[in-house]
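The structure appears right after this line, and notes come after that.
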Amino acid sequence: MNLRYMLSRITRGQFMARGIIKLGGGLITDKTRYKEVFRERIDAVSVVISKIVDLGYSVIVIHGAGSFGHLEAKKWDISGGYNPAISEDQYSAIETIRTDMDELNSIVLDSLVRAGVSCDSLPPRDWVNGVGTSFSGDVFAFERSPDLAVPVSFGDVVKINDESRFGILSGDHLMVRIATELPDVLLCAFLLGDTAGLMSGPPGIDESKLIEEWSESQGFIGEQDNRIDVTGGIHLKARCASLISRSAKQVWFIDGREPSRLLDIISGDSVIGTRIVPG
Ligand code: IP8
């Protein structure tokens, strides 16, 4: 079935298609400045999400933490788990991170609602235990028909039932579980904040070229900036997208500052971005 034919069947309600969209933390916030949010970028993505909902897709939205989560998490090594030497500071940092993530989540929800998308929030701290792709938690709460509210979730501090007591669940790991366990996932897109997709070298350098199609077997050359990101940055995303590409047809990294590229994917037009394929 080609994409245009599929789209006509989705629009007529004859074919179920799920789309999972991750708004990267680097797209929606300035990762270097505590709680600096890019509202106009979020609003532009929300308008496109509303169009995708109107096309008949069942949409799920996940967002990253950016400077609402990573800075404080890094300072108190929250991803390293419970440390008796600094536990008081860690617990107070967890409170702060969760409050800050709620604030970021409300900004995303408000923006979606203003664009006409009814949505509801499923914060991982309420239903997840553990981190990585093997966390326990019922991802089927995200399985909704297209006429129901769009579920929204995000990277968060979650409980862990062992001596580490708590840890950071990345939105990218949420994406893997949801995209590989729910049926009918056609589109899975990671919206980046500073590049057109996966690049052959560091973003912003002339020699860095867009990789149009990527599979894990090609290896990874891009640089990783671990100064800010506690979960794993672009390497983690690429690995997660590769796992998802085994079950979903359209897995993409695109520039979230140009969200209409999501519609290019859906309509089968040529897309500026990186398509992730299995291998
Ligand atoms: O930005 C990280 O989620 P991510 C969550 O999706 C926190 O990796 C709280 C740092």
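The values are calculated or read from the model by the stated rules, or taken from the named source; none is laboratory data. Bear in mind the structure is a predicted one, so any value in this text is a computation, not a measurement. We place every Cβ from the backbone using ideal geometry, glycine too, and count neighbours over all the protein chains shown. Surface areas here come from the heavy atoms of the whole protein model, side chains and all, with no ligands, DNA or RNA. Shrake-Rupley method; radii C 1.70, N 1.55, O 1.52, S 1.80 Å.
Some notes on this structure:
- Flag for residue 184 being surrounded by fewer than 22 Cβ atoms within 10 Å (Cβ to Cβ), more than 12 Å from the ligand (Cβ to nearest atom) and free of Cβ contacts under 8 Å to residues at least 12 places away in the same chain: no
- Set side by side, the residues 126, 138 differ, and just one is open to solvent by 10 Å² or more (accessible area, probe 1.4 Å), farther than 19 Å from residue 23 by Cα, within 16 Å of the ligand (Cβ to nearest atom) and free of Cβ contacts under 8 Å to residues at least 24 places away in the same chain, which is 126.
- Flag if residue 158 is hydrophobic (A, V, I, L, M, F, W, C), within 12 Å of the ligand (Cβ to nearest atom) and part of a helix (DSSP H, G or I): no
- Qualifying residue in region 191-207 (condition: over 30 Å from residue 75 (Cβ atoms), without any contact (Cβ under 8 Å) to a residue 60 or more places away in the chain and touching a helix residue (DSSP H, G or I) at 6+ places or on another chain (Cβ under 8 Å)): no
- Index of the failed condition, residue 208 passing every other in (1) open to solvent by 60 Å² or more (accessible area, probe 1.4 Å); (2) not in a helix (DSSP H, G or I): (1)
- Failed condition for residue 238, given (1) modelled with pLDDT under 95; (2) in a helix (DSSP H, G or I); (3) touching a strand residue (DSSP E or B) at 6+ places or on another chain (Cβ under 6 Å): (3)
- Pair list, Cβ under 8 Å, 6 or more apart: region 152-176 residue closer than 18 Å to residue 240 by Cβ, other residue at pLDDT below 95 and in a strand (DSSP E or B): none
- Single residue of 259, 203 found to be assigned to a loop (DSSP other than H, G, I, E, B) and open to solvent by less than 60 Å² (accessible area, probe 1.4 Å): 259
A quick yes/no check of all residues on (1) open to solvent by less than 60 Å² (accessible area, probe 1.4 Å); (2) modelled with pLDDT of 70 or more; (3) on the phi < 0 side of the Ramachandran plot:
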{"residue": "2", "(1), (2), (3)": "no, no, yes"}
{"residue": "8", "(1), (2), (3)": "yes, yes, yes"}
{"residue": "14", "(1), (2), (3)": "no, no, yes"}
{"residue": "24", "(1), (2), (3)": "yes, yes, yes"}
{"residue": "27", "(1), (2), (3)": "yes, yes, yes"}
{"residue": "33", "(1), (2), (3)": "no, yes, yes"}
{"residue": "36", "(1), (2), (3)": "no, yes, yes"}
{"residue": "41", "(1), (2), (3)": "yes, yes, yes"}
{"residue": "46", "(1), (2), (3)": "yes, yes, yes"}
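- Residue under evaluation residue 86, criteria (1) more than 16 Å from the ligand (Cβ to nearest atom); (2) closer than 18 Å to residue 171 by Cα, criterion not met: (2)
- Residue count for region 73-90 under the criterion of being among the aromatic types (Phe, Trp, Tyr) and either open to solvent by 80 Å² or more (accessible area, probe 1.4 Å) or without any contact (Cβ under 8 Å) to a residue 40 or more places away in the chain (or both): the result is 1.
- Residues in region 40-81 that are away from the ligand (no atom under 16 Å from the Cβ) and assigned to a helix (DSSP H, G or I): 12 in all.
- In region 19-39, the residue that is nearest to residue 111 (Cα to Cα) out of those that are within 16 Å of the chain's Cα centre (by Cα) and assigned to a helix (DSSP H, G or I) is 28.
The rows are residues; the columns are (1) of a type in the set (Phe, Trp, Tyr); (2) farther than 18 Å from residue 59 by Cβ; (3) in contact with a Lys or Arg (Cβ under 9 Å, 6 or more places away or on another chain).
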position: 108; (1), (2), (3): no, no, no
position: 150; (1), (2), (3): no, no, yes
position: 160; (1), (2), (3): no, yes, no
position: 163; (1), (2), (3): no, yes, no
